[in-house]
1. Within the range 131-170, what whole-number % of the accessible surface is contributed by carbon and sulfur, with the 1.4 Å probe and all protein chains included in the calculation?
2. Send over a whole-number figure in Å² for the accessible area per residue of the range 49-135, probe 1.4 Å.
3. Could you give the length gained on full extension between T95 and K29, defined as 0.36 nm per residue of separation minus the Cα-Cα distance, in nm?
4. Just to be sure I follow the rule: in the chain, considering lysines 8 or more places apart or on different chains, how many pairs have Cα atoms under 14 Å apart?
5. Give the average over all directions of the projected area of the C-alpha convex hull of the range 61-193, one decimal, in nm².
6. Rounded to the nearest 0.05, what FRET efficiency is calculated for F75 and I54 with R0 set to 30 Å and r the Cβ-Cβ distance?
7. Quick one: length gained pulling V146 to N118 fully straight, 0.36 nm per residue minus the C-alpha distance?
Amino acid sequence: MKNIELMNVNNKFEWLNKVLFIEKINHLKSDEAKKYWSNILLVKNILIKFCAFILVGIFVMGWSFIARQIMIDHFPYKIVPNPGVGFSIAANASTSVVYLIQSIPCIITFLIFFFVTNKWIYIGLFVIFFGGLSNIVDRALPLNIVLRDGSHFPSNAVVDYIPWFNTSCNLPDIFITIGAIYTILVLVITIFI
């Protein structure tokens with residue numbers, strides 16, 4: 001019954017399969033290449049990726065900005081401006097360099113996502129992507145508060161609020177770290193088990 005339902009979904013989107021070069025894929029000589037590209041461009045898999053993208057995005061960005069707002073509203077004395085990237089790395093770099101460094105993981109994970117066929121890896125890649133995107137958006141948002149030393153919160157800085165050894169971080173930094181660890185674990189399990 002489940003296969004019939006999936007076939008009906010794919011038949012309803014037959015026009016999309018033509019747009020996605022399914023006919024061209026069938027002309028490939030290698031069976032492995034046909035299987036790989038057919039799996040990536042299968043409408044069902046695209047819908048699964050899209051749904052996972054939306055759900056993980058809402059979860060990661062939602063909690064990131066909820067935590068940020070709670071810290072700003074209720075614990076402003078714990079806020080530390082971070083002009084650098086995760087864990088205060090490159091704190092003295094120019095703003096454009098920091099934006100570039102923050103954008104690289106987002107771009108790489110977004111591109112890798114298109115070519116991955118393992119559905120479990122999507123989650124880790126999306127967590128990394130949306131954690132990085134949360135920090136980019138956080139950096140771009142103006143914040144008009146006075147810090148505990150009497151200075152104003154600087155522009156183009158991320159709101160950090162979690163002390164970590166000699167530095168500080170925020171929830172998106174933790175999401176990025178967890179997403180990277182999860183993705184590596186899934187890859188190791190997939191390769192060696």
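1. Roughly 61 percent of what the probe reaches on the range 131-170 is carbon or sulfur.
2. 52
3. Net length gain for the segment: 18.9 nm.
4. Final tally of qualifying lysine pairs is 6.
5. If I average the Cα hull's projected area over directions, I get 8.9 nm².
6. Between F75 and I54 the formula returns 0.45.
7. 5.4 nm
The values are calculated or read from the model by the stated rules, or taken from the named source; none is laboratory data. On a predicted model such as this, the values are computed, not experimentally measured, just so you know. Don't worry about glycine lacking a Cβ; one is built from the backbone with ideal geometry, like all the others, and counts go over all protein chains shown. Keep in mind that these areas ignore ligands, DNA and RNA; they rest on the heavy atoms of the full protein, side chains included. Shrake-Rupley method; radii C 1.70, N 1.55, O 1.52, S 1.80 Å.
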